[in-house]
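The values are calculated or read from the model by the stated rules, or taken from the named source; none is laboratory data. Note that this is a predicted model, so its numbers are computed, not measured. Methodologically, a virtual Cβ is constructed for each residue, glycine included, from the backbone with ideal geometry; neighbour enumeration extends over all protein chains shown.
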């Protein structure tokens with residue numbers, strides 16, 4: 001029997017790294033994809049081991065492995081957390097993921113306080129335009145051409161949910177916000193359903209300093225606490241993190257480039273932000289598009305709420 | 001119709017795989033519609049609204065995968081379920097999503113019904129056969145491979161023409177289709193200028209100039225370098241012109257090529273009259289009279305081509321800055337009387353051609369590995385003589401090794417070699433950014449630049465190095481950083497391929513007439 005193969009961790013979420021240093025216990029493999037293995041911590045929380053080249057993200061370690069396709073790691077197997085690392089069974093001697101020397105990643109997001117209403121509007125329009133130009137249909141952008149009736153039905157429900165949410169946030173209608181969040185939460189076929197991705201985009205904005213979306217954030221937090229089984233664990237985790245302003249690196253980049261582009265014309269901003277937006281759009285099938293749709297909607301709402309102060 | 005559902009407990013697929021499974025399930029014979037989704041309350045609600053919610057689906061949890069198949073009357077439900085199960089197994093992470101590779105183009109086409117273009121880069125001996133298979137499967141083709149016999153190229157292009165498909169290549173290194181750059185290409189904004197090009201870096205340069213002038217590209221169709229030869233007869237360029245003429249998103253068309261065969265040039269120019277849109281023609285060394293007589297807009301350079309296209313289709317007032325003649329004077333003043341020659345070391349064929357033609361214009365004694373005049377043609381092993389312009393991307397230099405945009409080693413060695421020649425006044429170089437190119441073309445050259453300048457300085461000479469960085473502000477690595485690094489190394493940085501040729505010519509004139 002061979003001894004465990006050691007895999008170095010390149011970088012990781014600083015919060016998770018701190019937690020791993022003190023963690024001692026058993027969890028399990030939640031799910032295995034080519035690029036990512038999801039693990040359950042002893043307390044049932046989800047974390048991810050991403051293959052080399054994947055982006056940094058909350059609760060994620062980026063490890064020195066090309067991909068997990070033939071790693072032998074399988075869902076449901078036990079995992080041991082100890083001494084700043086993770087022992088994974090792989091059908092042979094196991095893998096030892098050493099996280100002690102990992103570079104810490106901190107998702108540092110900008111403040112919205114310095115944005116004028118006009119700048120929020122410009123940012124929202126630029127983001128909206130790029131998302132519509134380069135994004136993927138099948139979620140918040142509507143059904144693809146010649147889509148099956150079920151996709152059409154999902155997209156119509158997403159559209160209704162968005163319209164209801166926008167209307168309720170505009171009028172500070174807490175019951176309406178709650179109903180709209182529930183209409184979107186868990187809606188869509190993917191592992192992070194399109195409705196959740198859209199809610200994530202707005203949740204991220206609501207976490208920034210200077211945001212006027214605190215009513216939305218409060219309600220979403222409450223929905224997550226009281227309706228824990230409405231969506232996948234990955235999606236719930238992503239929403240919780242977004243409410244703390246913690247999202248994957250590509251989305252952090254989009255926010256920071258938008259902030260750096262304050263004062264630019266829309267045309268100039270389109271150029272400035274195009275590359276980070278396209279990287280963010282490349283996530284999942286429609287996930288990137290749906291999250292950026294939420295971000296654009298959130299920026300529009302921020303502008304409107306700012307105008308009403 | 002009958003609805004059949006399968007619930008896979010605690011089964012997770014990434015969203016791209018889910019979508020692929022869903023698409024394939026919908027394409028199975030006998031399937032009216034199929035839906036693959038996580039078993040969340042909202043997704044079950046949608047199924048309920050469509051009357052498709054079975055008790056089995058109702059019991060699915062949010063970590064379970066629901067597969068719902070609505071089968072046509074008379075369809076074999078059991079066979080469909082087996083087929084769906086196979087789809088799930090093939091995409092299963094345990095089986096390795098990456099393991100789903102396709103052994104043949106036909107299988108890839110069948111597995112990806114939405115795909116409509118194949119990029120082929122295999123040994124030239126097999127490339128034609130693969131391209132034919134792709135065309136037979138209804139796919140447009142970008143054939144990156146070279147060394148495809150010309151008879152095969154003609155047959156492939158004729159087949160594509162008959163099928164209404166594009167046959168880009170062989171030896172096609174650049175295209176931008178629906179805003180996606182294929183092979184070597186730059187990040188340019190979408191826009192209304194359509195380009196058909198028989199030259200890779202020429203097309204890249206024109207697209208980059210269009211972007212820099214504030215406009216964008218609708219489509220950039222590569223034809224392959226031999227398309228405008230007598231044998232091929234411009235089949236792809238003519239089809240490309242027709243495609244862009246029919247494209248409502250294209251307001252103006254630009255044609256780019258190295259010098260075409262005269263008969264083919266005539267044939268291509270005849271196509272302009274029926275395009276129904278302004279057509280700008282930049283054929284290196286081409287005749288203005290012929291283009292104008294055909295109703296086209298003649299361009300004397302890549303920059304001129306981009307400028308005219310943008311003026312015709314987007315912004316009539318756009319301008320470019322003139323050559324910095326003060327810098328030419330400054331450089332000339334630093335040179336000794338013995339230093340009389342320009343040496344061009346290029347990655348891009350058209351960039352090399354453009355600078356070389358700028359020199360020929362003055363009647364200088366110009367040598368090159370891509371010279372049309374056989375008496376002034378150099379081989380890869382020939383030492384430089386007089387004004388020498390080398391295209392390191394030409395077959396002489398790339399035989400058995402990667403393109404210099406990827407592997408710059410030969411060019412770096414030549415730079416150092418040129419620095420030892422006391423007759424060399426200026427070395428001109430290009431640095432190509434973008435998809436497919438070296439990740440840091442300037443950075444990898446800086447030690448050689450430093451060494452070359454030191455060799456000249458130790459011999460009491462000033463060696464001027466002129467660099468042009470082909471790229472946009474959207475490219476990776478960052479254009480501004482590459483330019484700044486060159487300037488910090490004492491390199492004079494030009495702003496376009498055309499200006500690079502102008503600068504070389506201006507220096508040559510100064511030192512020759514001094």
Residues that are surrounded by fewer than 21 Cβ atoms within 10 Å (Cβ to Cβ) and under 23 Å from the mean Cα position of the chain (by Cα), drawn from region A:110-120: A:110, A:111, A:113
Considering B:488, B:459, which residue is without any contact (Cβ under 8 Å) to a residue 24 or more places away in the chain, over 19 Å from residue B:348 (Cβ atoms) and out of contact with any helix residue (DSSP H, G or I) (no Cβ under 7 Å at 6 or more places or on another chain)? B:488
State whether the residues of region B:237-255 include one that is in the same structural domain as residue B:308 (by TED's automatic domain parsing), in contact with a strand residue (DSSP E or B) (Cβ under 6 Å, 6 or more places away or on another chain) and free of Cβ contacts under 8 Å to residues at least 40 places away in the same chain. no
Just for region B:25-42: of the residues that are within 12 Å of chain A (Cβ to nearest Cβ) and not in a strand (DSSP E or B), which one is surrounded by the most Cβ atoms within 10 Å (Cβ to Cβ)? B:40
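Among the residues in region B:437-451, are any within 14 Å of another protein chain (Cβ to nearest Cβ) and in contact with a helix residue (DSSP H, G or I) (Cβ under 6 Å, 6 or more places away or on another chain)?
No; the residues of region B:437-451 include none that is within 14 Å of another protein chain (Cβ to nearest Cβ) and in contact with a helix residue (DSSP H, G or I) (Cβ under 6 Å, 6 or more places away or on another chain).
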Answer yes or no as to whether residue A:219 is within 14 Å of chain B (Cβ to nearest Cβ) and either touching a residue at least 40 places away in the same chain (Cβ under 8 Å) or over 17 Å from residue A:157 (Cα atoms) (or both). no
Within region A:26-43, can one find any residue that is within 14 Å of chain B (Cβ to nearest Cβ), surrounded by fewer than 17 Cβ atoms within 10 Å (Cβ to Cβ) and over 19 Å from the mean Cα position of the chain (by Cα)? yes
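Report yes if residue B:306 is in the same structural domain as residue B:210 (by TED's automatic domain parsing), touching a residue at least 24 places away in the same chain (Cβ under 8 Å), assigned to a helix (DSSP H, G or I) and touching a helix residue (DSSP H, G or I) at 6+ places or on another chain (Cβ under 6 Å), otherwise no.
Considered against the rule, which asks whether it is in the same structural domain as residue B:210 (by TED's automatic domain parsing), touching a residue at least 24 places away in the same chain (Cβ under 8 Å), assigned to a helix (DSSP H, G or I) and touching a helix residue (DSSP H, G or I) at 6+ places or on another chain (Cβ under 6 Å), residue B:306 comes out as yes.
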Restricting attention to region B:328-353, which residues are over 19 Å from residue B:304 (Cβ atoms), part of a helix (DSSP H, G or I) and either in contact with a helix residue (DSSP H, G or I) (Cβ under 7 Å, 6 or more places away or on another chain) or not assigned by TED's automatic domain parsing to the domain that holds residue B:508 (or both)? B:328, B:331, B:332
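Please work out if residue B:45 is at pLDDT 85 or above, closer than 28 Å to residue A:283 by Cβ, assigned to a loop (DSSP other than H, G, I, E, B) and in contact with a helix residue (DSSP H, G or I) (Cβ under 9 Å, 6 or more places away or on another chain).
Spelling it out, it is not the case that residue B:45 is at pLDDT 85 or above, closer than 28 Å to residue A:283 by Cβ, assigned to a loop (DSSP other than H, G, I, E, B) and in contact with a helix residue (DSSP H, G or I) (Cβ under 9 Å, 6 or more places away or on another chain).
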Kindly indicate whether residue B:358 is in contact (Cβ under 8 Å) with a residue 12 or more places away in the chain, surrounded by 23 or more Cβ atoms within 10 Å (Cβ to Cβ), closer than 17 Å to residue B:503 by Cα and in contact with a helix residue (DSSP H, G or I) (Cβ under 6 Å, 6 or more places away or on another chain). yes
Index of the failed condition, residue A:139 passing every other in (1) within 9 Å of another protein chain (Cβ to nearest Cβ); (2) surrounded by 23 or more Cβ atoms within 10 Å (Cβ to Cβ): (1)
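What do you reckon, is residue A:42 in a loop (DSSP other than H, G, I, E, B), within 22 Å of residue A:191 (Cα to Cα) and assigned by TED's automatic domain parsing to the domain that holds residue A:90? Explain how you work it out, then say what you get.
Values: in a loop (DSSP other than H, G, I, E, B): yes; within 22 Å of residue A:191 (Cα to Cα): no; assigned by TED's automatic domain parsing to the domain that holds residue A:90: yes.
Taking the combined requirement at face value, the residue does not satisfy it.
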Cβ-Cβ below 7 Å, separation at least six or inter-chain, first residue in region A:165-189 and within 11 Å of chain B (Cβ to nearest Cβ) and on the phi > 0 side of the Ramachandran plot, second surrounded by fewer than 24 Cβ atoms within 10 Å (Cβ to Cβ) and not in a loop (DSSP other than H, G, I, E, B): which pairs? A:186/B:41
Look at residue A:76 and say whether it is within 12 Å of chain B (Cβ to nearest Cβ) and under 17 Å from the mean Cα position of the chain (by Cα). no
Subset of region B:389-407 (residues that are over 19 Å from the mean Cα position of the chain (by Cα) and part of a loop (DSSP other than H, G, I, E, B)): B:399, B:400, B:401
Restricted to region B:51-85 and to residues being buried (at least 19 other Cβ atoms within 10 Å of the Cβ) and assigned to a helix (DSSP H, G or I), the residue farthest from the chain's Cα centre (by Cα) is B:57
Does residue A:201 satisfy the condition of being crowded, with 19+ Cβ neighbours inside 10 Å, more than 13 Å from chain B (Cβ to nearest Cβ) and either within 21 Å of residue A:234 (Cα to Cα) or modelled with pLDDT of 95 or more (or both)? yes
Among A:70, A:106, A:30, the single one that is touching a helix residue (DSSP H, G or I) at 6+ places or on another chain (Cβ under 9 Å) and free of Cβ contacts under 8 Å to residues at least 12 places away in the same chain is A:70
Within the group A:189, A:193, which residue is in contact with a strand residue (DSSP E or B) (Cβ under 8 Å, 6 or more places away or on another chain), at pLDDT below 95 and crowded, with 20+ Cβ neighbours inside 10 Å? A:189
Of these, A:84, A:27, A:72, A:35, which one is in contact with a strand residue (DSSP E or B) (Cβ under 8 Å, 6 or more places away or on another chain), at pLDDT below 95 and over 26 Å from residue A:231 (Cα atoms)? A:84
Flagged in region A:85-103 as in contact with a helix residue (DSSP H, G or I) (Cβ under 9 Å, 6 or more places away or on another chain) and surrounded by 18 or more Cβ atoms within 10 Å (Cβ to Cβ), in numbering order, are A:85, A:86, A:99, A:102
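Hey, which of the helices (runs of 4 or more DSSP H) in region A:242-309, taking only ones fully inside, have at least 2 residues that are touching a strand residue (DSSP E or B) at 6+ places or on another chain (Cβ under 9 Å) and within 14 Å of chain B (Cβ to nearest Cβ)?
A:287-307
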State yes or no: is residue B:186 within 14 Å of chain A (Cβ to nearest Cβ) and out of contact with any helix residue (DSSP H, G or I) (no Cβ under 6 Å at 6 or more places or on another chain)? no
